[in-house]
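The values are calculated or read from the model by the stated rules, or taken from the named source; none is laboratory data. Remember, predicted model here, so these are calculated numbers, not experimental data. Virtual Cβ from ideal backbone geometry, glycine too; neighbours counted across all protein chains shown.
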Amino acid sequence: MRVVNAYGISSISRQERSKWLSPNLLTAGIADERFRIRELFAHLNLAGYTDRMSAMEPIDISEFPLDHEPIEAWQAIDAAASARESEVAASAGEPSAPVTTGYAEFGTIAGADYGLWEMSAGAMRDVEGEEVFLVVSGTGRIEVDEPSQPDVVLAPGMLVRLEDGMKTRWFIDEAPLRKLFIAPHAD
């Protein structure tokens, strides 16, 4: 089912997308949501469907509505998976809500896709695609497992670059964490 919100941006439910994705892509654990959506759009011949943002038509990215869906099973991690989170998890003693993400791609310009992505409070793992993003709201951090490097603090105004293939763990404290991303367009 294709849904077009008030801004004219298309979104398709994860369940609907999964019907169109190749089994190899799903079992390979590829986490780049943009890649999966582009594969679906190519299959449905909707390649330019999300190119709805036109020049001089601003979008309030802090208020833009995003539909959230639960993360996939392979992405789930216990918040205590981070040494820094163990104390928080132990003191909380309450069951946490399921982690969800929301996404909207606004279009392509000069060979790069751009859009919004956000995550609810909690923790998840991911395998990154090449992108640069600006944190719009929320706080947290990214722990990079491969290649090993220092944690990345996430707060409004932080500009972050991720490289293709990085294995990360996201820990979001103040939610939702919302980012405006720019990523290479895949043909």
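Things worth noting here:
- Tallying residues that are in a loop (DSSP other than H, G, I, E, B) and in contact (Cβ under 8 Å) with a residue 12 or more places away in the chain within segment 107-128 yields 4.
- Search result, residues across segment 60-80 that are within 17 Å of Glu118 (Cα to Cα) and either modelled with pLDDT under 90 or in a helix (DSSP H, G or I) (or both): Gln75
- Residue satisfying all of: in segment 139-187; of a type in the set (Asp, Glu) and assigned to a strand (DSSP E or B); surrounded by the most Cβ atoms within 10 Å (Cβ to Cβ) among these: Glu143
- Verdict on Met166 being touching a Pro at 6+ places or on another chain (Cβ under 8 Å), over 25 Å from Met53 (Cα atoms), of a type outside the set (Gly, Ala, Ser) and modelled with pLDDT of 95 or more: yes
- Scope segment 81-103; condition modelled with pLDDT of 95 or more and either in contact with a Leu (Cβ under 6 Å, 6 or more places away or on another chain) or more than 21 Å from Asp60 (Cβ to Cβ) (or both); matching residues: Val99, Thr100, Gly102
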